[in-house]
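The block underneath contains the structure these notes are about, expressed in structure tokens.
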Amino acid sequence: MPALLEVDRVSKSFGGVAANVEISFDVRQGEILGLIGPNGAGKTSLFNSISGAVVPDSGEIRFDGQRISGLPPEECALRGIARTFQVVRSFDSMTVLDNVMVGAFARHGRARAAMKLALETLAFTGLASRADTPAVSLSPAEKRRLEVARALATEPRLLLLDEMLTGLTPTEAQAGVALIRAVRDRGITVMMVEHVMEVLLPLIDRAVVLNLGRVLTTGAPGDVVRDPEVIRAYLGDRYAAA
Ligand SMILES: Nc1ncnc2c1ncn2[C@@H]1O[C@H](COP(=O)(O)OP(=O)(O)OP(=O)(O)O)[C@@H](O)[C@H]1O
Ligand SMILES: [Mg+2]
């Protein structure tokens, strides 16, 4: 399968902190790719570069063969890249429907078309019954879903999920897994950051492991979790014994 996203020697520093150092890997069309690594490894920083929130200091990011690094977030969204945020960013005073319409307006200028798409997206994400609820009243799990719904309403080809399943109960996390599978079944490529290995490993096709801003290894999920370097840097004894 051809690469949908190519991350090519991307580096980004903040002051003296090297958040990403010469990062290279591909995301293939149609896959679910897991991005894992310890706190501060550079996962969210990389999402910021891919979605246009920050500009890498060097290197290049290509989407569908075209350079996107340096483009503003709106342009990355128009090209087909959507993301959720590790700290949820819903507009609290607005209804769930209006939150999702913010995403839909990225591609549909007319309110009627945006509303139609937003309602479809709410149905798909299991939030239809909450459409008229202020976002502030949602449960934590529903807020995570709303993030996904707003991102999906931009009609992406690539969806970046930053710890969408973190802090959920096991039942809620399994429902989140089902939603991610359904997203992929719609033909949307998924790249996700997640710390909960038990949930992540059965879901992803491949894993990229970051440590200290660099790629430690890339491979099949079952292989990377047995990699001694990954165990030392991230998983520790808790997974080595499993
Ligand atoms: N805007 C910023 N300004 C200053 N430093 C930053 C900024 N963004 C990220 N960093 C630093 O870059 C490093 C990588 O952070 P990043 O948030 O990408 O890690 P992460 O892998 O997402 O971690 P976590 O698992 O805790 O979310 C950290 O040392 C962080 O403090
Ligand atoms: Mg992060």
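General observations
- The listed residues are Arg232, Arg186, and the only one of them that is on the phi < 0 side of the Ramachandran plot, touching a Phe, Trp or Tyr at 6+ places or on another chain (Cβ under 9 Å) and surrounded by fewer than 16 Cβ atoms within 10 Å (Cβ to Cβ) turns out to be Arg186.
- Considering region 71-101, and only residues there that are among the small types (Gly, Ala, Ser) and modelled with pLDDT of 95 or more, the residue that is farthest from Glu147 (Cα to Cα) turns out to be Gly80.
- Selected residue (criterion: farthest from Met191 (Cα to Cα)) from residues of region 137-168 that are modelled with pLDDT of 95 or more and among the β-branched types (Val, Ile, Thr): Thr154
- Annotation for region 82-96: at least one member residue is in a strand (DSSP E or B) and more than 16 Å from ligand 2 (Cβ to nearest atom).
- Restricted to region 136-195, and to residues there that are more than 13 Å from the chain's Cα centre (by Cα) and hydroxyl-bearing (Ser, Thr, Tyr), the residue that is farthest from Pro221 (Cα to Cα) is Ser137.
- The residues in region 26-73 that are assigned to a strand (DSSP E or B), in contact (Cβ under 8 Å) with a residue 60 or more places away in the chain and crowded, with 19+ Cβ neighbours inside 10 Å can be counted, and the count is 7.
- Exactly one residue out of Leu152, Leu161 is within 16 Å of ligand 2 (Cβ to nearest atom), touching a helix residue (DSSP H, G or I) at 6+ places or on another chain (Cβ under 9 Å) and either touching a residue at least 60 places away in the same chain (Cβ under 8 Å) or among the hydroxyl-bearing types (Ser, Thr, Tyr) (or both): that is Leu161.
- Any chance Val225 is crowded, with 21+ Cβ neighbours inside 10 Å, over 30 Å from Gly52 (Cβ atoms) and more than 16 Å from ligand 1 (Cβ to nearest atom): yes
- Residue among Thr166, Thr171, Thr217 that is touching a residue at least 24 places away in the same chain (Cβ under 8 Å), among the β-branched types (Val, Ile, Thr) and surrounded by fewer than 20 Cβ atoms within 10 Å (Cβ to Cβ): Thr166
- Every residue from region 1-47 that is within 21 Å of Ile231 (Cβ to Cβ) and of a type in the set (D, E, K, R): Lys43
- Scoring Asn48 on the criteria (1) over 22 Å from Leu200 (Cβ atoms); (2) within 13 Å of ligand 1 (Cβ to nearest atom) leaves a single failure, condition (1).
The values are calculated or read from the model by the stated rules, or taken from the named source; none is laboratory data. These figures come from a predicted structure and were not determined experimentally. No Cβ is skipped: glycine too gets one built from the backbone with ideal geometry, and neighbour counts run over all protein chains shown.
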